[in-house]
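What follows is a short report on a single structure.
The values are calculated or read from the model by the stated rules, or taken from the named source; none is laboratory data. Bear in mind that the values here come from a model prediction, so they are computed numbers and not experimental data. Here the Cβ positions follow ideal geometry from the backbone for every residue, glycine too, while neighbour counts run over all protein chains shown. For accessibility, only protein heavy atoms count, side chains too; no ligands or nucleic acids. Shrake-Rupley method; radii C 1.70, N 1.55, O 1.52, S 1.80 Å.
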Amino acid sequence: MADDFTFEITKHIGILSQGKGGWNMELNLVSWSGREPKYDIRSWSPDHKKMGKGCTLTQDELIALKQLLENLN
């Protein structure tokens, strides 16, 4: 089935915001289906068994995002 996948939060980096019902927007390193971990920004349930839509970035993409954010006024 195409919807079957596994994930493992290999490193919790931090919480960006807290939402209703205990869900938090977090930055983590996540391994998807046994692949190399990538930086991941998304909302997670308190037990980290459910997740919302998010954005997954390589280390190079995260560095580029950091540089863009540093240039914001």
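Going through Ser45, Ser33 one at a time, which residue ends up being surrounded by fewer than 10 Cβ atoms within 10 Å (Cβ to Cβ), without any contact (Cβ under 8 Å) to a residue 60 or more places away in the chain and touching a strand residue (DSSP E or B) at 6+ places or on another chain (Cβ under 9 Å)? Break it down stepwise before answering.
Details: Ser45 fails: surrounded by fewer than 10 Cβ atoms within 10 Å (Cβ to Cβ).
Only one candidate passes the filter, namely Ser33.
Could you please let me know if Asn28 is of a type in the set (S, T, N, Q), within 11 Å of the chain's Cα centre (by Cα) and either outside any helix (DSSP H, G or I) or surrounded by 12 or more Cβ atoms within 10 Å (Cβ to Cβ) (or both)?
Working: of a type in the set (S, T, N, Q): yes; within 11 Å of the chain's Cα centre (by Cα): yes; either outside any helix (DSSP H, G or I) or surrounded by 12 or more Cβ atoms within 10 Å (Cβ to Cβ) (or both): yes.
For Asn28, the condition - of a type in the set (S, T, N, Q), within 11 Å of the chain's Cα centre (by Cα) and either outside any helix (DSSP H, G or I) or surrounded by 12 or more Cβ atoms within 10 Å (Cβ to Cβ) (or both) - is met.
So which residues in the stretch 59-73 are of a type outside the set (Lys, Arg) and part of a helix (DSSP H, G or I)?
Result: Gln59, Asp60, Glu61, Leu62, Ile63, Ala64, Leu65, Gln67, Leu68, Leu69, Glu70.
What residue, of Leu72, Leu57, Leu68, is out of contact with any Gly (no Cβ under 8 Å at 6 or more places or on another chain), under 16 Å from Gly14 (Cβ atoms) and free of Cβ contacts under 8 Å to residues at least 60 places away in the same chain? Step through it out loud before you land on a result.
Working: Leu72 fails: under 16 Å from Gly14 (Cβ atoms); Leu68 fails: under 16 Å from Gly14 (Cβ atoms).
Just one listed residue meets the conditions, Leu57.
For the stretch 31-43, how many residues are more than 9 Å from the chain's Cα centre (by Cα) and not in a loop (DSSP other than H, G, I, E, B)? Quick ask: steps written out before the conclusion?
Filtering the stretch 31-43 down to residues more than 9 Å from the chain's Cα centre (by Cα) leaves 31-37.
Those still in the list that are not in a loop (DSSP other than H, G, I, E, B) too: 31-32.
Counting residues in the stretch 31-43 that are more than 9 Å from the chain's Cα centre (by Cα) and not in a loop (DSSP other than H, G, I, E, B) gives 2.
Quick one: which residue in Asp60, Asp40 is at pLDDT 95 or above and open to solvent by 40 Å² or more (accessible area, probe 1.4 Å)? So that I can check it myself, show each step before the final result.
Details: Asp40 fails: open to solvent by 40 Å² or more (accessible area, probe 1.4 Å).
Selected residue: Asp60, the only one of Asp60, Asp40 that is at pLDDT 95 or above and open to solvent by 40 Å² or more (accessible area, probe 1.4 Å).
Here's the yes/no breakdown for (1) at pLDDT below 95; (2) open to solvent by less than 90 Å² (accessible area, probe 1.4 Å):
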| site | (1), (2) |
| --- | --- |
| Asp4 | yes, no |
| Glu8 | no, no |
| Ile15 | no, yes |
| Asn24 | no, yes |
| Met51 | no, yes |
| Leu72 | yes, no |
